[in-house]
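The values are calculated or read from the model by the stated rules, or taken from the named source; none is laboratory data. The model shown is predicted, which means the values in this text are computed figures rather than measured ones. Note: ideal-geometry Cβ built from the backbone for every residue, glycine included; neighbour counts use all protein chains shown. With ligands, DNA and RNA removed, areas are computed over all heavy atoms of the protein, side chains included. Shrake-Rupley method; radii C 1.70, N 1.55, O 1.52, S 1.80 Å.
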Number of protein chains: 4
Amino acid sequence: MRLNGVFAPIPTPFDDHDRVDLVRFRKAIARWMAGPLTGLVVLGSNGEAVLIDDDEADRLIVAAREAIPTSRPFIVGTGRESTQATVRATKRAADHGADAVLVRTPGFFKGQMTTDVFVRHYTTVADASPVPVLLYNFTALTGVNLPVAAVSRLATHPNIVGVKESGGDIATMSELVSSTPDQFNVLAGSAPTFYAALCVGAVGGVLALSAVLAEPCMRLLELANAGRHDEALALQRQLMPMARLLGSAYGVPGLKAALSLVGFDMGVPRPPLTPLPEAGVTALREALGKFEVIPA
Amino acid sequence: MRLNGVFAPIPTPFDDHDRVDLVRFRKAIARWMAGPLTGLVVLGSNGEAVLIDDDEADRLIVAAREAIPTSRPFIVGTGRESTQATVRATKRAADHGADAVLVRTPGFFKGQMTTDVFVRHYTTVADASPVPVLLYNFTALTGVNLPVAAVSRLATHPNIVGVKESGGDIATMSELVSSTPDQFNVLAGSAPTFYAALCVGAVGGVLALSAVLAEPCMRLLELANAGRHDEALALQRQLMPMARLLGSAYGVPGLKAALSLVGFDMGVPRPPLTPLPEAGVTALREALGKFEVIPA
Amino acid sequence: MRLNGVFAPIPTPFDDHDRVDLVRFRKAIARWMAGPLTGLVVLGSNGEAVLIDDDEADRLIVAAREAIPTSRPFIVGTGRESTQATVRATKRAADHGADAVLVRTPGFFKGQMTTDVFVRHYTTVADASPVPVLLYNFTALTGVNLPVAAVSRLATHPNIVGVKESGGDIATMSELVSSTPDQFNVLAGSAPTFYAALCVGAVGGVLALSAVLAEPCMRLLELANAGRHDEALALQRQLMPMARLLGSAYGVPGLKAALSLVGFDMGVPRPPLTPLPEAGVTALREALGKFEVIPA
Amino acid sequence: MRLNGVFAPIPTPFDDHDRVDLVRFRKAIARWMAGPLTGLVVLGSNGEAVLIDDDEADRLIVAAREAIPTSRPFIVGTGRESTQATVRATKRAADHGADAVLVRTPGFFKGQMTTDVFVRHYTTVADASPVPVLLYNFTALTGVNLPVAAVSRLATHPNIVGVKESGGDIATMSELVSSTPDQFNVLAGSAPTFYAALCVGAVGGVLALSAVLAEPCMRLLELANAGRHDEALALQRQLMPMARLLGSAYGVPGLKAALSLVGFDMGVPRPPLTPLPEAGVTALREALGKFEVIPA
């Protein structure tokens, strides 16, 4: 399974009664599918997966599967804190049509999350999963780190096909590439360092930024692949303000607000999350001003 | 509701097939209830709550309620990442007989967890809860901090009766006491600083250490309350090695191993957690050697 | 050498031409010596020692020695990054009349500062020092930690008589006391946790707060020593706002501004440090309002 | 002043009596000058500058100036904690022949080191300096960060010609480049991310690694400049183990040990630093084995 490309980790719309809103969800997916994105990730961190219960997750997956053509990879986030819950969520996602699953590290019991524990957890999940598994390290949110040594060991599992590394450390990204087989997909999760990650061998990215600015993100990848480094670097710099704003400070509320500014309707975040304050919306509007984005 | 005293946050036993083991659970509670502990906390962090699904939680609460006499406070952990899931878990716990709920802060979306967000979250939960609510700050595991300013505002809510602060910072503990009403229960969660917390006004503690060494923990509280500071300090020092070992490094596996050493049978942790390595068990055995603990 | 008591780590006055101002320095010392403080520390962190050259240091030590009666301990900060420079500074301080030296850990080469390295460094210094040596751990500023294990080993050296621990971690403070001989002086450096430190066995403190509020700091120590814990705790709480403000956020500029508010004239900080902004002065004035401090 | 190139921050040799050893120093410089390095940095962090007094510094600068041809930039580290001491050291370095100075941020009073403070400090130094000034940010050792906003403001000063950023964060490196004028020299200080830094616009590096492996470091720069990205990336990966080992864990002792392995004689580190333990030397020898380095 080759995952060269740019994948948008899409948010989940809620209505004013704090319920999952499948109508808005389908409509948004249709719009993304009219653009150039390689594929979509549903129920990732930006999908507020930790705020969503299992029944809601099932309905979202079914709806997404219907809206995403089979020609584009449809990836579902299924990480849970316990191994058995992760296995259950993974099987359900596969049953409902996921092409692959993206499995965030467990992270609550930080002191116990050793390399051996990660290897055992992911091996159990990958053994049980009907579809290919992507590892997923997001230290800024989970508080734990999936070490390169663990990824290197897990990369030999026939059902583990890649890793999404959300940290911006390029030395680590480089080591992930060099310590895994050539066909193993190393995907960047940090938009501010996307170009640098491509320089050191990442094959693509799972970028919230690409949900808002799909075209420039795809173009950056193409420029880097074509060896047009000066143009790629210039584009990365142009993207930097938006890349920064959609990082941890603004989070999901920022992503939903930015999507609203370019014509998507993703509703409000689920409490305890709250909509982005007006000052944030203004900053996003200004940063977006540099791009030609035609609201649908 | 006065919570002066020492509460044990008890672990959840699993059998060899990774299932909740209610038989072991009831037996262990009966043994704790034969001792001097003020009360118990079920489904807290040490209860592996994040690894347990809602149906399992219901059965554990029902079983605990049957085994705990009404004369002793029975507290249930009900914190979830979303506000609505926390409300649901809280109502179910109350329906099943909890005397109070202990509600850990949400913490996944770290950048968005502001004082206002915490106040809104806990206010919604407390408004909806049929039983009194305890706030619960555990920065080392959640990666977010519930600020004193948030606790101070929430302490005026008629259904919020206290806070468990798991950090060892004594200046913060002191400020929690001085910025909340007199009847508000400030409980310490860090055993290495339990005596110091009592010195600055905490009324008691929720201490994993007390699940293993109930008598010395209760005695420390009594000595401090009686103004016998030299004896309290000496006892705190005697407890220090065990207090350190049951902290974040050994975690739940350490607590289960220590309980096993004093005659409890709590089974194994749930994967991805694994049993404590033998070197850890040896360290615990040595630290326990200083105490007269007669296995039941 | 017994150091039970409260020591003020006094700032160094500079004139408007960025020169050490010995006239202001002598005058300020005279005023402190009219009060109840146990003794003074010159050229500590709050004395801007890292901004002062060796000649200036010599003159400050000579001036302080003349102004401080021999009945009160006069301690000089002599820590440097290299062992040989620390030895030289220590000998000079002793030659010029210091009763003891306070030796901050070296900390620039963080990765290399192991327990063994600290033990070797302090042993060389203590072997060469004509006067007793106090260890000094200030992790927030140096970025390195002097481990309890290092202090415990060094406490057996006949010329090492104590430690100033500037961190507020009470479990560490307690372990410092219990892992060193009875006559070893454990001194607290963190005002917000001064009372808690006394509870667990510290014999006194080196507190910037005491340069401003000498009487309440001395009284807190006396109350704790007399077992009047309720009064001590109440006083600690009263001191808390000022204790917080004089911590790392306001630093030396804050200490100089606070001293100015109570009638001392300490001039301005040395560049790159700048005087405290007006908002900070206002906050200090308000926090000081609760105390009766009569400007000289 | 263009500083495109690779500069080695060379260590300072000490003899067995803890004295600066000018004979070894001159001999080592001669050897480096027989190789391809663009230039040298003397009295940087790796030169143990914080352990060296002013007289020693003067003699080292004079000796280096004699040994370095005027065709290669000779840069001297002159950062001190106080502004006035930094100005004095800078003037002395210029008097003794430095082509430029590299001025590490002050960092002791962490809470006070704001953007404004940095701007004022560096402006004063640059106004007074007879030679061009390079800013120098090394957060891992100083504990403070020189923000991009400060660099951007300082880059307009006619006597400030560049910055050495020792952190490995590539997004920051990219922002340094894009927020400063084209002729401003952004130099990388982190060997594990050297190639990625070049990708985002750094013009060169000040790399301890290049003291040991001058040829491969120079070649990496040339490959990147020539747009031969695949070869550059392959070389970066080959260098990674050595780049990692010469980072913060092994520090100056590691650099001296590695130089010894390739035929330099740099003596021992100055106490409190100690020679690298044998296990470290073995690791270095193994990592070096992949390179053809012919001892002189």
Taking the axis about which chain B rotates onto chain A, which residue of B lies nearest it as judged by Cβ position, and how many whole Å separate them? B:G143, 2
Under the definition of Cα pairs under 8 Å and six or more residues apart, what whole-number percent is the relative contact order of region A:143-296? 16 percent
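Counting pairs of Cα atoms in region B:65-224, how many percent are more than 29 Å apart? Walk me through the intermediate numbers first.
Working: 1848 of 12720 pairs.
In whole percent, the share of Cα-Cα pairs in region B:65-224 beyond 29 Å is 15.
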Cα gyration tensor shape of region B:10-91, rounded if a/c is under 1.5, else prolate or oblate by comparing a/b with b/c: oblate
Cα-derived Rg over Rh, computed across the protein assembly as shown with Rh taken as Kirkwood radius: 0.96
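Could you give the size of the charge dipole of chain D about its Cα centre, using +1 on the Cβ of each K and R and -1 on the Cβ of each D and E, expressed in debye and rounded to the nearest 20? Each step should come with its number before you reach the end.
Numbers: 26 positive and 28 negative charges, 35 e Å.
Magnitude of the dipole: close to 160 debye.
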GNM flexibility winner over chain B from B:P272, B:P13, B:P181 (Cα, springs under 10 Å): B:P272
Out of C:V103, C:T180, C:S190 - ranked by how far each Cα lies towards the positive end of the dipole of region C:63-190, with unit charges on the beta-carbon of charged residues - the top one is C:V103
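Using C-alpha positions alone, give me the convex hull volume of region D:214-277 per residue in cubic angstrom.
Details: hull volume 5.9 nm³, N = 64.
Output value, Cα hull per residue: 93 Å³.
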Per-residue HN-Hα couplings for region A:223-228 [Karplus 6.51, -1.76, 1.60; θ = phi - 60°; Hz; x = Gly/Pro]: 4, 5, 4, 7, x, 8
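Percent of alpha carbon pairs in region C:36-79 separated by more than 14 Å? Walk me through the numbers on the way to the answer.
On the way: 426 of 946 pairs.
Roughly 45 percent, rounded to a whole number.
Using a 1.4 angstrom probe on the protein heavy atoms only, could you order C:M1, A:M240 from most to least accessible area? Mind showing how you got there, number by number?
On the way: C:M1 95, A:M240 10 Å².
The most accessible residue leads, giving C:M1, A:M240.
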For a 31 Å ceiling on Cα separation, which of these pairs sit above it: B:K256/D:K110; C:K256/D:K164; D:K164/D:K290? B:K256/D:K110; C:K256/D:K164
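With all protein chains present, how much of the accessible area of the protein assembly as shown (probe radius 1.4 Å) comes from carbon and sulfur, to the nearest whole percent? Before the final figure, lay out each step's value.
Working: 21650 of 41200 Å².
After summing per-atom areas, the C and S share lands at 53 percent.
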Placing a label point 7 Å from Cα toward Cβ, how far apart in nm is D:R120 from its equivalents in the other copies, listed shortest first to one decimal? 4.0, 4.1, 5.7
For region D:147-277, the Cα convex hull volume per residue in Å³ comes to 129 Å³
Enumerate the amide H contacts of B:G162 below 5 Å, restricted to partners 5 or more residues apart or on another chain; note that Pro and chain-start residues carry no placed amide H. B:L135, B:N185
Name the residue, out of B:A197, B:A126, B:A67, whose mean-square fluctuation peaks in a Gaussian network model built on chain B with Cα pairs under 10 Å. B:A67
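Name the trypsin sites (Lys or Arg not before Pro) in region B:64-125 that are in a loop by DSSP and that have at most 14 other C-beta atoms within 10 Å, would you? Don't skip to the answer; put the middle values down first.
Numbers: sites: B:R65, B:R80, B:R88, B:K91, B:R92, B:R104, B:K110, B:R120; in loops: B:R80.
Nothing satisfies the criteria.
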Which of the trypsin sites (Lys or Arg not before Pro) found in region C:238-296 are loop residues per DSSP with 13 or fewer other Cβ atoms within 10 Å of their Cβ? C:K290
Dmax and Rg, reported as Rg then Dmax, of region B:25-138 (C-alpha, Å): 14.2, 45
Please list, ordered by chain and number, the residues whose modelled amide H lies under 5 Å from the amide H of D:V6; skip anything fewer than 5 residues away on the same chain. D:T38, D:G39, D:G205
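Return the value, in Å² to the nearest 100, of accessible area buried between chains B and C (probe 1.4 Å, both sides summed). It would help to have the intermediate numbers written out before the result.
On the way: alone 12490 and 12470 Å², together 23410 Å².
For chain B against chain C, roughly 1600 Å² becomes buried.
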What is region A:108-174 by shape, rounded, prolate or oblate, if you read a ≥ b ≥ c off the alpha carbon gyration tensor as root eigenvalues and call it rounded for a/c under 1.5, prolate for a/b larger than b/c, and oblate otherwise? oblate
Label point 7 Å beyond Cα along the C-beta direction, distances from A:E222 to other copies (nm, shortest first): 3.6, 7.9, 8.2
Report the per residue volume, in Å³, of the convex hull enclosing the C-alpha atoms of chain B. 119 Å³
Rounded Å value of the spacing that divides the Cα centres of region D:164-189 and region B:176-199: 48 Å
Let me check against my output: what whole-number percent is the relative contact order of chain B, with C-alpha pairs under 8 Å and at least 6 apart? 19 percent
Residue of A:A128, A:A89, A:A258 that the Gaussian network model of chain A assigns the largest fluctuation, springs spanning Cα pairs under 10 Å: A:A128
Expressed as a whole-number percentage, the relative contact order of region A:255-296 with C-alpha contacts under 8 angstrom and at least six residues apart is 50 percent
Are there any residues in region C:173-189 with a reduction of at least 30 Å² in accessible surface when going from the isolated chain to the assembly of protein chains? Probe 1.4 Å, please list them by number. C:S174, C:E175
Could you give the accessible area per residue of the protein assembly as shown, probe 1.4 Å, as a whole number in Å²? 35 Å²
Please list, in order along region C:24-32, the HN-Hα scalar couplings obtained from phi with the Karplus expression 6.51 cos²θ - 1.76 cosθ + 1.60 (θ = phi - 60°), rounded to whole Hz, x for Gly and Pro. 4, 4, 5, 5, 5, 4, 4, 5, 4
List the distances, in nm and shortest first, from the label point of A:G263 to the matching label points in every other copy, placing each point 7 Å from Cα along the Cα-to-Cβ direction. 6.7, 7.4, 7.4
In region D:221-296, which GluC sites (Glu not before Pro) are in a loop and have at most 14 other Cβ atoms within 10 Å, using DSSP for the loop call? D:E292
